[in-house]
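Working notes for the structure below.
The values are calculated or read from the model by the stated rules, or taken from the named source; none is laboratory data. What you see is a predicted model, and the numbers here were worked out from it, not measured in a lab. Here Cβ is always computed from backbone atoms with ideal geometry, including for glycine, and neighbour counts include all displayed protein chains. Calculation scope for accessible area: heavy atoms of the full protein, side chains included, ligands and nucleic acids excluded. Shrake-Rupley method; radii C 1.70, N 1.55, O 1.52, S 1.80 Å.
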Amino acid sequence: MNNRGYDDIDEIDSQRVSFDFKGYLFKALNLWKFVLLCIGAALLVAYFVNVRKENIYRLNSLITIDNDQSPFFTANTSISFNWGGVSEKVGSILTEIKTRTHNELVVDSLEFYKQYLKQGKYHLIDVYNGAPFEIETDKSKPQLLGKAIGIKLINNKSFELFYEFETQKGLGQIYDSKKKISVHLNPGLFSKVYKFGEPIKTSFFNGVVNIKSDALIIKNDTYFIKYLNFDSVVNQYKNNIQIIPNSNESTSVLKLSLIGKNKSKIVDFLNATSAILSRTELERKNLYATNTIKFIDSSLGAVNNDLKAVTDEMNDFRKVNKVFNVEEEMIQKSEQLKNYDQEKLIEESKLNYLNSLESYLITKTDYSNIAAPTSVGIEEINILSSVSKIIALSVERRNLEYSTKEGSILFNDIDRQIDTEKNVLLETIRGTKKTIGVQLNSINRKISSLESELIGLPKDQQEYLRIQRKLDLSREAYEVYQVKRGEAAIVKAANVSDITVIDEAKDIGDPPIGPNKSLNYMMGLMIGFFSPMFLIFVLYLLDNTIHGSEEVERMSNIPILGLIGRLNHKNNLVAYEKPKSAVAESFRAIRSSLQFIFKNKTNDSGARTIMITSSVSGEGKTFTSINIATVYALSGKRTILLGLDLRKPKIFGDFNIRNEKGVVNYLIEESTLDEITIHTHIENLDLITSGPIPPNPSELLMGEKLKKMISILKQEYDIIILDTPPLGLVADALELAEYADATIFMVRLDYTKKGMLQLVNAKYRSGELKNISFVLNFYKHKRDHNYGYGYGYGYGYGVYGNAYHEKEQVSLLDRIKIFLKRK
C-alpha cells in the first residue's frame, strides 16, 4: 500500500472523534414515540402544578418623604430632628423597612402569626378575615405551633374544637414574650364543644373564639386555626417586602410592594407598615424636643425651689422690718445690679449646659439624648450644627444595628464620622467656655462696682434691695423657663411625620401574577422535549457500536465489499435452500465484487483463497463463509470450505456431519487429506472441518503442514474459503492471512465495536492484512438513514466476545439488557 493510502487511514482515524450530528438526529427520530411520551408526561405535570398551586398576588402602596421643619425659639434654629435632607431620609427608610424590629411591630400588631384556614380542593387555604369568627389569643399562655386545630361550627352559639394528637409533646410559643416552651399533649383525638365567647384553656390552645356580628353560620362548616413561629413569620415578611423609588425623577416617593396568596393580608400588611413607619419616624423626630423638655423640667425644678426660698426670705424680712422708701438713685442702681445678675445667670446656665454636654460626650456612647443648646440660649452655629449631626449619626447607627452584623465596615464608617464630629464639638465647647468665662468676669466686676456704691445705705435698706433683686431674678428665670417649655411642647405637638401615604394599598381586582400557567406549560414542553433528547444524546455518546455503512466509511478507507440483510432460516444454508432470497442475492453480489480483486492480482494461475474473519464471535463469520462457498460452488467452481477456527468450530452442524476428524488430525499427521475431506450434498462443494479442539491451535496453524495442505488444495480446487478465528480475540487469523488472496472482515451492525475498526486499520497500515474488504451483516436500508438496525439470520451469538471464553454467570438484569439490545 502506498503512502497516500496510509495518510488516508490516519485522516480517517482522526475523524472518528468528531460528533456525528446526523446520526444523533436520526437516532432521535427513531425514538420519536419516547420523546412524545416524555413531552406528554411533562405537560401533564405542568397541568397539575397549575391547578394545584394557589394564586399569587402582588399589591403596592406609595409613600412620600417630606422635609418639614418646625421653628424652635429662633428663625435659625429647629427643635425638629434634622435628618440631613430628603435623600438621607429616603436611605434611612429603605433600611428601616427591611429591619427585623420594624417587621416585628407590624406582624405583632396584625397578629399574622395566626392563620385562619379552610380546606380547599387540594390543600388548606388561608381565608384570613373570611372566617365567620375571630380568635382572641391569650398572649400570656402558650399556643401550639404548626398544627391546624379544627373548629367545626354547630350553630350560632357553639362550635366543636378538635384535633388528633400523635405525640405527647409539642412546641408552643408565648406571644407576649415570644418565648418557646414544650407543651404536654394527650395522644389521641381531642374533641370538645365550646360556646362562642367562652374562654378556652388547654395545653395547646388558649384564647376566646368570638363570632362576628354579621357572620353567616353554616352548620358543620369546618375551619382551622394554626399558630406559626413568630420569628419565622417576621423573617418571611422581612424578606418578601420590597421598597424602591417610584421613579428616577422623584426619589422622595417610594413604592412598597408585597406578594402573597391572600389579597386582604397583603393590603393590611402594607398599610400597617406605612402607619408604623410614620409613627416611629414621628417619635424619632420628636426625640430632640422630648430631650429638651426633660432638660427644661429639671432646670425649672431648681429655679422653682430658689424662687420659693427667696419669697420666704422676703416675707420674713418684711415681718421684722417696717416698710420704707429708698431713694430713686439707689433704686436705679439696684435695677442695674438686677440686670447684671440676670446676664450672669444666663451665662452660668450656658456654662452649666456646656459642662454637662462635655461630660456626656466623653462618658457616653449613645448620643441620641442630647438636649437642644437653644434651651439655654446658646446660638453658636458650630455647636448647633455639630449637635444635630451627632444625633443624626447616632440614630442612623442605632437603626443599622437591626439589619447589619456588629463588626461590619458600615459601623466603622459611622463611628469614624461620629468621632470626627465629637472632636470638633469638644473643641468648640472649650472655646465657647473660655468666651463665657471672660463675659462672667466682666459682669462680676460691674456687679462689684455697683455694690460698692450701695454700701452707704443703711444695712436694712441694703438687705431689702438684695432680697428684692434676688426675688426678681428668680421670677424672671422661672417665667423664661416656663415660656421655653411651653414653646417646646407646642413644637412637639405641632410636629407631623415626614412620611405621608399618598396611595394606600387596596384590592382593586388585579389578576394574579402566579402561577404563570403559560410559562409552566412552556417549561413543561421544553423539559419534556430536551430531557429525552439529552438522554438520547448521552446514550448516543456512550454507544460505541457501529450502526450503519456511513459510520464505516467515515472511520476507515477500507472498501465495503457487500451488504447482507436478515433472513430467519433454520440453518446457515440460505444461498442453497433459498436461492431467490435477497440474502442469497447479496452473496452473489459479493462473489462478483471479489472477481475485481482477483483481476488485480498479477499471478492469475491457481485457486483463489478467500479468508473470512471478524473482530469477535457472533458477527456472522461462519454464516458468510458457508454461503460464499455455496454461491461459488453453484456457479460451477470447485470450492472447498476449510474450518480453521480450531478453538470454536461451527461449520459441521449445518451439513449434518460430525466433527470427529478434520484439519487438526491432518496437521498432527493422524489422517490424510483425503480422509478428512467431506463431499457435501451441494454440488462442487467440499468441506474440511476443524476436527477436535487441540491444546495448541496457534502452533499448529504456524507449521509447514498447513502450508503444504493449502498448496495441495490449490491444485485441486478453484476457490478455497478459510473460516478463521476472530481477529479481535486471537492471533490465529493473522497467521492465516499470508494464504489469502482476499480477506473479508465481517462487521455486524449494532454489534461490532467501533474500536475494532481501529484495530483493522492498524493491521492494514502495518501490512499484516492485505486486500481486505468489509462485509456488513444485519443490514437493512431505510429511507431516513442506515442507523439503528437490528437484523440477523436467526442465530444467537451470546454476549459480545464471550463466545470465545469460558461461560460466566450472567445476572437477570444483564440477560434483560442483552435481550433488549438484540431487539
Report summary line: Per residue, the convex hull enclosing the alpha carbons of the stretch 520-571 has a volume in Å³ of 158 Å³
Query raised in the report: With respect to the cross-link table entries K33/K648; K121/K255; K147/K263, which display a Cα-Cα separation exceeding 30 Å?
Result: K33/K648; K121/K255
Requested in this report: Any chance you could tell me what percent of the C-alpha pair distances in the stretch 195-245 go past 19 Å?
Outcome: 55 percent
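Sorted by accessible area with a 1.4 angstrom probe, largest first, how do V483, V747, V127 fall? Kindly include the intermediate steps, with their values, before the conclusion.
Values: V483 80, V747 0, V127 35 Å².
Heavy-atom accessible area, descending, gives V483, V127, V747.
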Query - Surface accessible to a 1.4 Å probe, K147 within the full protein complex, Å² - result: 80 Å²
Query - Relative contact order (percent, whole number), the stretch 98-185, Cα cutoff 8 Å, 6+ residue spacing - result: 20 percent
Query raised in the report: Accessible surface of R52 in the full protein assembly, 1.4 angstrom probe, to the nearest 10 Å²?
Result: 120 Å²
Query raised in the report: Under the Kirkwood approximation for Rh and a Cα-based Rg, what ratio Rg/Rh is obtained for the stretch 563-678?
Result: 0.97
Report task. Using DSSP to define loop residues, name the GluC sites (Glu not before Pro) in the stretch 147-191 whose beta-carbon has at most 13 other beta-carbon atoms within 10 Å. Result -> E166
Query raised in the report: With respect to the cross-link table entries K578/K770; K53/K265; K98/K169, which display a Cα-Cα separation exceeding 30 Å?
Result: K578/K770; K98/K169
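Under 25 °C and 0.890 mPa s, how fast does the stretch 654-732 diffuse according to Stokes-Einstein, given a Kirkwood radius computed over C-alpha pairs? Answer in µm²/s, whole number.
Values: Rh = 13.5 Å.
So the translational diffusion coefficient is about 182 µm²/s.
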